[in-house]
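What follows is a short report on a single structure.
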Amino acid sequence: MKILLADDHAIVRRGLRQILADAFPEARFGEASTTPETLAALECEPWDVLVLDIFMPGRTGLEVLQAVRSHRPGLPVLVVSTAPEEQLAVRVLRGGAGGYLNKQAAPELLVQAIKHLRAGRKYVSPVLAERLATDLSREVRPGHERLSDREFAVLQLLLLGRTIKEIAAELSLSAKTVSTYHTRIWSKLGVHNDVELVHYATSQGLSGIRNGT
C-alpha cells in the first residue's frame, strides 16, 4: 500500500507516518508540504490513499480534491484538519473525499479511517453521521454552504484575521480577485461588513476556524 501524506507541517507528517507505519508495516509513504508538491506527486506515481490537510500554502485542499476527482477519481482521500467536523466535513465529502478526520482524533480512528477507505467505504464518525442525517432533512441550506470552494477558502482566512493582501499571497491570487470574493461572501451571507461577518460565523459555529489551520 502506498500512502501519500500531504501536510505543510513536518511534525504532523511524521506523526501520521508513525501511526500508519505501526498499523500497516507493509505500507510505503510519500510526503508533500504544499499543494503544488501534492499535485506533482499525484501525477508522478500511483497512490492507494491520499491523506490531505485541507489548509496548505497555495491552492487549497478543496482544489486538490477537484483535481483528484477529475484525474484520479478512484483514489481514496482522507481529509484531515484542526477544524471541527461541523465546519468542513460535509463540504469535503461533497467535494469527493472519502472521509474527514479532526487532527485531535485518537490514533486508532486514523487507522480505522484508512481501513474503511481501502475497503472502498466512506469513513464517517458517529457525530458526522448525525450531522449528515440532519442535513438531509433541512430544506434551506445556510449561506456559507452555498459559497464556492474558493469563496469558502477566503472566508476561512478572513476568520483567521488575514488581510486581503495576505490572503492574495497565500492563495496565489491578485488582491483585486480576493476583494471580489470578499464582496461575494458578504452578499451570499447577507452581511455588510466584517463585524457582521464575524457575528454570522459565531452564530453558525464557524468561529472556531480562528483557532486552527
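FYI, it's all coordinate maths here, none of it is from the lab. Owing to the predicted nature of the structure, the values given are computational and were not obtained by experimental measurement. Heads up, the Cβs are rebuilt from the backbone with ideal geometry, glycines too, and the neighbour counts pull from every protein chain shown.
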### Query
Distance in nm between label sites at residue 163 and residue 1, each 7 Å beyond Cα in the beta-carbon direction?
4.6
### Query
What percent do you get for the relative contact order of the chain when only Cα pairs under 8 Å and 6+ apart count?
17
### Principal-axis tilt of helix 149-159 within the chain, Cα atoms, nearest 10 degrees
70
## Note on the structure
Shape call for the chain, from the Cα gyration tensor axes a ≥ b ≥ c (a/c under 1.5 means rounded, otherwise prolate when a/b beats b/c, else oblate), comes out prolate
### Query
What's the angle, to the nearest 10 degrees (0 to 90), between helix 126-137's Cα axis and the longest principal axis of the chain?
50
### Message
Within 10 Å of each candidate Cβ there may be at most 16 other Cβ atoms; applying that plus a DSSP loop requirement, which GluC sites (Glu not before Pro) in the stretch 1-41 survive?
### Response
26
### Task
Give the order of 22, 53 when sorted by the count of other beta carbons within 10 angstrom, beginning with the fewest.
22, 53
### Message
Please compute the length gained on full extension between residue 18 and residue 43, using 0.36 nm multiplied by the number of residues separating them and subtracting their Cα-Cα distance.
### Response
6.5 nm
## Note on the structure
A student applying the Cα gyration tensor rule (rounded when a/c is under 1.5; otherwise prolate if a/b is larger than b/c, oblate if not) would label the stretch 1-105 rounded
### Message
Give me a comma-separated list of calculated 3J(HN,Hα) values for the stretch 168-183, in order, Karplus coefficients 6.51, -1.76, 1.60 applied at θ = phi - 60°, integers in Hz, x for any Gly or Pro.
### Response
4, 5, 5, 9, 6, 10, 7, 4, 5, 5, 5, 4, 5, 4, 4, 5
## Note on the structure
Given a Förster distance of 45 Å, the FRET efficiency implied by the Cβ-Cβ spacing of residue 193 and residue 109, rounded to the nearest 0.05, works out to 0.70
#### Entry: Separation of alpha-carbon centers, the stretch 1-69 and the stretch 77-111, rounded to whole Å
14
